[in-house]
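Encoded as structure tokens, the structure appears first; notes follow it.
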Amino acid sequence: VQLPASGGGLVQAPGSLRLSCAASGRIFSDYGMGWFRQAPGKERDFVATISWSEIMTYYADSVKGRFTISRDNNKNTVYLQMNSLKPEDTAVYYCAAQYKGVTNTAQDGYPYWGQGTQVTVSS
């Protein structure tokens, strides 16, 4: 599964960005999708996930109410709509895929990863 992420950039708080991850190589609808992020000097952390069936989503407490994960299986794409961005949201954002994944927040559960896209939020 190839997972190129796009949509990152520089935005001023409390702006918005929408990240996209267009998957290829497998049957996209069979995969749970997750977004993770890694800030400079920190470990990579869970952000949001959506189940392969689209029924369930789950968010990190730090982004709940501000970020929304969604997917379009017709376009093989998962999105992360980020609103009310804060400087602490600055990080490289990665999408990841897990076969038949259901709201998995653990990185170890995702065998497929994209290359990441940089999000920088200025104050």
Mind checking whether some residue in region 56-65 is at positive phi and small (Gly, Ala, Ser)?
yes
Taking the condition at pLDDT 95 or above, under 13 Å from the mean Cα position of the chain (by Cα) and surrounded by 18 or more Cβ atoms within 10 Å (Cβ to Cβ), does Val121 pass?
no
For a quick check of your reading of the model, give me the residue pairs whose first member lies in region 43-59 and is closer than 9 Å to Thr105 by Cβ and in contact (Cβ under 8 Å) with a residue 40 or more places away in the chain, whose second is of a type in the set (Ser, Thr, Tyr) and surrounded by fewer than 19 Cβ atoms within 10 Å (Cβ to Cβ), with beta-carbon atoms closer than 6 Å and at least 6 apart or on different chains.
Phe46/Thr105; Thr49/Tyr58; Thr49/Thr103; Tyr58/Thr103
Within region 65-101, residues assigned to a helix (DSSP H, G or I) and open to solvent by less than 60 Å² (accessible area, probe 1.4 Å) come out as Pro87, Asp89
Which ones in region 48-59 are under 26 Å from Glu88 (Cα atoms) and open to solvent by less than 20 Å² (accessible area, probe 1.4 Å)?
Ala48, Thr49, Ile50
When you scan region 36-44, do you find a residue that is assigned to a strand (DSSP E or B) and among the acidic types (Asp, Glu), even just one?
no
Verdict on Ile55 being at pLDDT 95 or above and among the β-branched types (Val, Ile, Thr)
no
Step by step: first the residues of region 19-47, then only those that are among the polar types (S, T, N, Q) and under 17 Å from Tyr99 (Cα atoms), then the one that is surrounded by the fewest Cβ atoms within 10 Å (Cβ to Cβ). Which residue is that?
Ser24
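The values are calculated or read from the model by the stated rules, or taken from the named source; none is laboratory data. Just so we're clear, the structure is a prediction, and the values are computed from it rather than from any experiment. Counting neighbours? That spans all protein chains shown, and the Cβs are built from the backbone with ideal geometry, glycine included. Protein only, heavy atoms only, side chains kept; ligands, DNA and RNA dropped before computing areas. Shrake-Rupley method; radii C 1.70, N 1.55, O 1.52, S 1.80 Å.
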